[in-house]
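What follows is a short report on a single structure.
The values are calculated or read from the model by the stated rules, or taken from the named source; none is laboratory data. This structure is a prediction, so every number in the text was calculated from the model and none was measured. Here the Cβ positions follow ideal geometry from the backbone for every residue, glycine too, while neighbour counts run over all protein chains shown.
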Amino acid sequence: MNKFSLLIMPVLVVSSLAQAAETEAPEGAGSETMGWTANLKKAAFQVTSTQVSNAEEYRNSPNSELSGDSETVVKGVFDFSLTQEKENYKWENSLFAEYGKTKLKPVDGPDVTNETADKILLTTDYSRKMWQYWDAYVGPFANIGYQTEFKPNDGAPRTKIFRGMTGLKMFDGKYIKNLYGALVGEYDFTYSSDKTTKAAYEIGMEAECPLREGVVFHADTYWRDYFAYSAYNPTDFEYELSAKANMMVDIYEGLQIGPFIQYFRAEDRGSSKAGASTIIGIEGSYGGSWGL
C-alpha cells in the first residue's frame, strides 16, 4: 500500500460513515438524540516554586533545603471540545493545548530555562455506534488532526504534523470512556527540506472510576509504534508511550483539585537508548458542559 494512501484513508472513512449516519441505530442503542454540546474538559494550572536565599553561604551544608537551587515550575493545560451526538454516531471536534516551563536559578552560574511541555493538537473524530458491549458503544472511527507547538526548542524547527487514524473503538461507558486500536498515517513537515510520511499502529485507553462521592480516579494512556517511513530522519520516533493518571476531588461547581502523575517515553531512530520523563504534582482545574 502506498504510504500516502494511509493519510487519505481516514478522510474516506469519515465520508462513508457520514453518509450512513442517518440509518437506523443499532439494536439496544439509546433513543436520546442530542445536538451540539460545548465541553470544557479541563482548564488547569500547575505552579510550584522553591526560593532559596543566601544559598552560597550554605554551599557545604548537609541540609539541601539551604544549599539547593531556586526553582520555579509552571504548567497550563486547556482541553475543549464541541460534540454532536445522535442515536448512531458521535462527532467530536477538539482543541488540546499544554505548555510547561521550568526556571532554575543555580547558586553559581546564570539562570537556566527549559520547556517541560509544549503541544497544540486540533482534532476531529467521528465514531459510529454499531453495537453495544456492557454499557459502552462499539464501532469504527476515524480521526484527523494537526499537531504543532507554541514555541520551538532552541536550534530545532517547530513541530508540524498532520495525523490521521482509523480503527475500532469502544466508548462512552461508565468506566471505559475510550478504548481503541487503530492504523495511523502521518505527514510530517517539521523539516521543510525533508518531509516524511510515516505509518504506525496505535492502541489507547481512557478510563475513570468513582472512588466515592466527589472523588474520581482517571487514567489516559496510548502506545504508538511506527513501522514504515518514506525517508530517514534521525529525530523521528520509532515508538512513543504516554500515560497519565490523576485523582480529582470536587471542590465547588466544576472546580477540582488532586494529585497527578504523568509519564512519557520514546526512542528516536538516531539514538541507541530511549528517553523518558516523569512529572508528579498537584493540579487545580475547572470543567463543565453546556448545550448549544
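Tell me, yes or no, whether segment 227-234 has at least one residue that is among the aromatic types (Phe, Trp, Tyr), on the phi < 0 side of the Ramachandran plot and under 16 Å from the mean Cα position of the chain (by Cα). Checked against the condition, which is being among the aromatic types (Phe, Trp, Tyr), on the phi < 0 side of the Ramachandran plot and under 16 Å from the mean Cα position of the chain (by Cα), segment 227-234 yields no hits at all.
When you look at Asn153, is it within 20 Å of Asn93 (Cα to Cα), out of contact with any Ser or Thr (no Cβ under 6 Å at 6 or more places or on another chain) and among the polar types (S, T, N, Q), yes or no? No; evaluated as a whole, the condition is false for this residue. Please go through segment 147-162 and pick out each residue that is among the aromatic types (Phe, Trp, Tyr) and closer than 20 Å to Gly185 by Cα. The answer is Phe162, and nothing else. Being part of a strand (DSSP E or B) and more than 18 Å from the chain's Cα centre (by Cα) is the filter here, so list the residues in segment 171-187 that pass it. Across segment 171-187, the qualifying residue is only Tyr187. Screening Ser289, Ser272 for residues that are out of contact with any Ser or Thr (no Cβ under 9 Å at 6 or more places or on another chain) and surrounded by fewer than 16 Cβ atoms within 10 Å (Cβ to Cβ) leaves exactly one candidate, Ser272. Is it true that Thr48 is modelled with pLDDT under 80, farther than 28 Å from Gly145 by Cβ, part of a strand (DSSP E or B) and of a type in the set (Ser, Thr, Tyr)? Yes: the conditions hold for Thr48.
For first residues located in segment 171-199 and closer than 30 Å to Trp134 by Cα, partners that are assigned to a loop (DSSP other than H, G, I, E, B) and at pLDDT below 90 and lie 6+ apart or on another chain with Cβ distances below 7 Å form the pairs Gly173/Trp134. None of Asp194, Asp225, Asp220 is acidic (Asp, Glu) and not in a strand (DSSP E or B) except Asp194.
In segment 167-199, which residues are surrounded by fewer than 16 Cβ atoms within 10 Å (Cβ to Cβ) and among the basic types (Lys, Arg)? Lys174, Lys195 - these are the residues of segment 167-199 that are surrounded by fewer than 16 Cβ atoms within 10 Å (Cβ to Cβ) and among the basic types (Lys, Arg).
Beta carbons closer than 7 Å, at least 6 apart along the sequence or on distinct chains, pair a first residue in segment 261-280 that is modelled with pLDDT under 90 with a second that is assigned to a strand (DSSP E or B) and exposed (fewer than 11 other Cβ atoms within 10 Å of the Cβ) for Ile261/Ile280.
Screening segment 75-166 for strands (runs of 3 or more DSSP E) wholly inside it with 1 or more residues that are surrounded by 16 or more Cβ atoms within 10 Å (Cβ to Cβ), touching a Leu at 6+ places or on another chain (Cβ under 9 Å) and among the basic types (Lys, Arg) returns the ranges 112-128.
Rundown of residues vs (1) modelled with pLDDT of 85 or more; (2) within 30 Å of Ile257 (Cβ to Cβ); (3) in contact with a helix residue (DSSP H, G or I) (Cβ under 9 Å, 6 or more places away or on another chain), yes/no style:
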{"residue": "Gly28", "(1), (2), (3)": "no, no, no"}
{"residue": "Glu57", "(1), (2), (3)": "no, no, yes"}
{"residue": "Thr72", "(1), (2), (3)": "no, yes, no"}
{"residue": "Glu87", "(1), (2), (3)": "yes, no, no"}
{"residue": "Leu104", "(1), (2), (3)": "no, yes, no"}
{"residue": "Val107", "(1), (2), (3)": "no, no, yes"}
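Restricting attention to segment 149-189, the residues that are closer than 18 Å to Ser230 by Cβ and aliphatic (A, V, I, L, M) add up to 4. Answer with yes or no whether Gly258 is surrounded by 13 or more Cβ atoms within 10 Å (Cβ to Cβ) and in a strand (DSSP E or B). Yes: the conditions hold for Gly258.
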